[in-house]
Amino acid sequence: MIRRLVRILVRLVGVMALLAAITLALVMFLLPPLAGDQIRQQLAKIGLHEADLTVDTVGLTRSSVSNITLGPDDRIRLDHLTADYDVRDLSTLALTVTGLRLRATVADNHFDLGPLLKLQLGESTGGKTSLPFASIDIRASTLILETPGHTYRFDLEGRITRTTPQSLDVDITLAWLDQRVGMTGSIQLEGDKLNVPDLHVAINPFDLPLPGSPATLRGVGADLHLSLALADQSLTVDLLDSTALKLSTAQFGAHTLSPDPGKLSGRLTLRWGDEAGETLDGALRVDDAALTYEAAKLRVPSIAVELPIHFGPGRAEPGAMTTSDIHLGDDTLPPLHAEVALNQTTLSLSADWPVLESIPIHISGSVGADGIDLEASTGVVTVIDPHAIGKRFAALSDIELSGGFALTAMMNPDTGYAPHVNLALYDTAVRSSTYDITADGVSGAILLTGFTPLRTPGSQRLTVNRFATGKLELTNGRVGFRIESDRSVFIEQLAFTLGTSGQVEAHAFRYDMDQPKVSTDLYIEDLNLGDWLSVLSNEKIKATGHVYGRLPVTFRPDAHWKLSLGKGFLYTTPGPGQMAMPSANIAGDLLDTADPRFRSVPELMAARDRIVSALTDYEYSMFRFNIQPDTNGEGMMLRMETRGKGRLGPNPQEIGALVINIHNFDTLVNKALLSKTRLNVDRALEQFFGGGGR
């Protein structure tokens with residue numbers, strides 16, 4: 001856009017000189033019928049062979065022409081031109097232009113001003129160029145810029161004043177929609193050369209949508225100070241130190257970035273007229289820029305850019321972009337060093353960013369007329385140091401991660417310009433001593449489609465070979481889920497193996513950090529009874545057979561993952577099974593827990609010894625475990641019912657129906673499965689099953 005405005009400014013001066021030639025012709029030929037032919041002859045001399053106009057009046061102090069069309073395709077049109085002058089001193093010539101319409105086209109990176117590129121203006125004597133007017137006033141005029149798919153119309157007004165025979169003062173305003181660009185400066189002519197020592201371009205802040213994307217730059221403005229030198233079919237533009245840019249925010253959909261554009265300097269050279277056509281080369285430098293993204297707690301305090309620019313055949317050698325340390329929340333990430341270049345209308349970027357030691361993220365992308373296309377990728381890598389992530393991110397300092405993974409992030413038209421991040425895991429291991437969690441053999445992929453809030457589509461899938469916490473160990477895990485925010489995950493399906501064979505499934509529940517609990521039903525199939533009793537008895541009881549059932553459970557993350565049980569059941573599958581206890585004390589304690597009278601009533605005391613003997617080596621025909629509200633009014637109780645007989649002695653004891661109630665069962669389960677202090681777990685279970693506990 002800078003290139004286009006500069007070309008328009010330079011050629012606009014040429015149009016004004018052209019208008020001066022028309023007026024001089026009017027003065028020279030006073031009769032309107034003859035003036036039209038003479039004007040066309042003068043226009044042909046300066047390179048405009050196609051012209052149409054109407055001479056309205058010709059006088060000694062004022063002349064006027066209307067309905068002026070110059071060049072093919074009506075590229076230059078004027079509604080009305082008035083010239084005021086003193087025939088005794090033509091240097092007093094004052095032009096008033098009303099309704100100028102100048103049309104330029106941009107296609108295939110080529111800027112076409114039509115006949116203005118071929119004008120042969122002015123007369124040079126002794127290396128000096130005479131300007132044949134005192135002033136030009138431009139009113140109600142329009143600059144039309146046509147690009148593929150878009151037409152931009154700029155309202156144009158201003159004044160050009162001759163200060164010496166070889167210099168001009170320019171004060172021009174361009175307006176587009178509600179935006180205004182003011183240009184003031186002094187133009188000096190010497191032969192075929194034109195110099196502008198300090199052109200001040202003031203751009204009032206406005207919102208600029210980026211073509212082909214939902215991105216909008218808000219509060220874009222500038223206070224530019226340029227020096228221009230036009231000579232030998234080239235224009236050189238230098239950005240002076242007093243140049244300042246303005247940019248309030250950059251809006252990418254729901255994401256708002258707050259940039260500080262810093263200081264801008266540089267040089268651009270525009271060349272034309274040879275076989276290569278038009279070319280623009282140079283470089284811009286940005287210093288002391290910065291970027292803040294509050295939603296992600298991202299801060300980049302310092303950014304410096306050396307940006308090569310090239311329009312035309314070939315490509316520019318890449319420049320460099322360097323940042324300071326990058327702050328993400330309380331973490332500090334290493335600086336980013338990237339190669340950047342602007343070729344044609346496309347800004348390209350390439351970098352290798354060592355976010356983790358020995359694991360660089362390769363970043364590449366482009367921003368241009370076709371939109372934004374950015375990608376960052378690690379490729380498939382293997383983490384050797386399990387503490388690498390914890391060293392980089394303080395919040396993950398307790399996390400150990402090893403194994404393979406691949407991280408790919410992209411933002412392009414296919415993603416709707418929302419950043420998408422795909423994390424693939426290959427036999428990864430994750431451990432946390434704080435949460436007493438171990439996950440081995442984690443594989444699958446997670447696609448993040450948003451970050452404010454954090455979210456994924458449904459049907460994300462992970463498999464886990466082994467998961468352990470406390471004394472609970474799960475294997476062959478499968479989980480389907482979607483992330484709803486950085487504090488909420490909806491579990492679509494959860495399945496795993498408990499013990500040697502038990503299949504446990506849960507469906508459709510939500511883990512929300514802002515809620516006090518997580519509730520779901522566990523559906524259990526083919527759970528090995530020995531595994532179940534081994535966990536409950538601290539590996540004291542052995543058994544064969546399998547159980548099935550349903551267990552409503554509630555986890556309370558705000559209470560260190562305390563587990564609460566609802567009303568549920570586990571039943572053995574039909575058929576006989578066996579149970580063994582290594583000590584009669586364990587069986588005795590269970591009976592005493594079921595009914596304390598076994599130790600005080602003589603009849604029951606005699607039966608107690610026979611039942612203890614049977615339970616020590618027991619063949620059951622039925623086991624039922626019902627979890628129900630405790631009769632003491634606190635928590636849940638496990639009600640165990642069994643039928644069977646002992647396996648020892650010539651006359652094994654038959655048990656027609658034995659009921660054993662274990663009170664405060666949910667407390668026992670929490671100690672057995674989820675407690676992080678294994679010593680306390682073992683002591684509690686020893687007290688209950690090892691003698692002395694009631």
Over 23 Å between Cα atoms, which of Lys297/Lys562; Lys297/Lys391; Lys540/Lys645; Lys517/Lys540; Lys542/Lys562; Lys391/Lys517 qualify? Lys297/Lys562; Lys517/Lys540; Lys542/Lys562; Lys391/Lys517
Taking neighbour counts of Cβ atoms within 10 Å as a proxy for exposure, in what order, fewest first, do Arg599, Arg455 appear? Arg599, Arg455
Taking amide H atoms as placed 1.01 Å from N in the peptide plane, list the residues 5 or more away in sequence, or in a different chain, whose amide H sits under 5 Å from that of Gly266. Leu239, Arg285
Work out how far the C-alpha atoms of region 350-446 reach from end to end along every principal axis, then list the three figures in whole Å, largest first. 52, 24, 22
Express the relative contact order of region 207-312 as a whole percentage, based on alpha carbon pairs under 8 Å and six or more residues apart in sequence. 20 percent
Mean separation of Cα contacts under 8 Å (6+ apart) over length of region 307-381, as relative contact order %: 21 percent
HN-Hα couplings for region 509-516 via Karplus (6.51, -1.76, 1.60; θ = phi - 60°), in whole Hz with x for Gly/Pro, come out as 9, 10, 9, 10, 5, 8, 9, x
Most positive-pole-ward Cα, Pro574, Ala584, Leu563, against dipole of region 555-620 from beta carbon charges: Leu563
What GluC sites (Glu not before Pro) in region 211-303 are in a loop by DSSP, with at most 13 other Cβ atoms within 10 Å of the Cβ? Glu275
Report the label-to-label distance for Gln515 and Thr61 in nanometres (one decimal), using points 7 Å from each Cα along the Cα→Cβ vector. 8.9 nm
The relative contact order of region 350-446, taking Cα pairs under 8 Å that sit 6 or more residues apart, comes to a percentage of 20 percent
Span from the region 609-630 Cα centroid across to the region 525-602 one, whole angstrom: 9 Å
Applying the Karplus parametrisation 6.51 cos²θ - 1.76 cosθ + 1.60 with θ = phi - 60° to the phi angles of region 261-271, what ³J(HN,Hα) value in whole Hz is obtained for each residue in order, glycine and proline being reported as x? x, x, 9, 10, 8, x, 9, 10, 10, 9, 10
When Phe311, Phe555 are ranked with the fewest other C-beta atoms within 10 Å first, the list becomes Phe555, Phe311
In sequence order, calculated HN-Hα J values of region 395-401 (Karplus, 6.51, -1.76, 1.60; Hz; x Gly/Pro): 5, 10, 4, 8, 8, 10, 10
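Taken together, the values in this text are just the output of simple stated rules run on the coordinates, not laboratory data. Computed from a prediction, not measured in an experiment: that's the story for all the values here. Don't worry about glycine lacking a Cβ; one is built from the backbone with ideal geometry, like all the others, and counts go over all protein chains shown.
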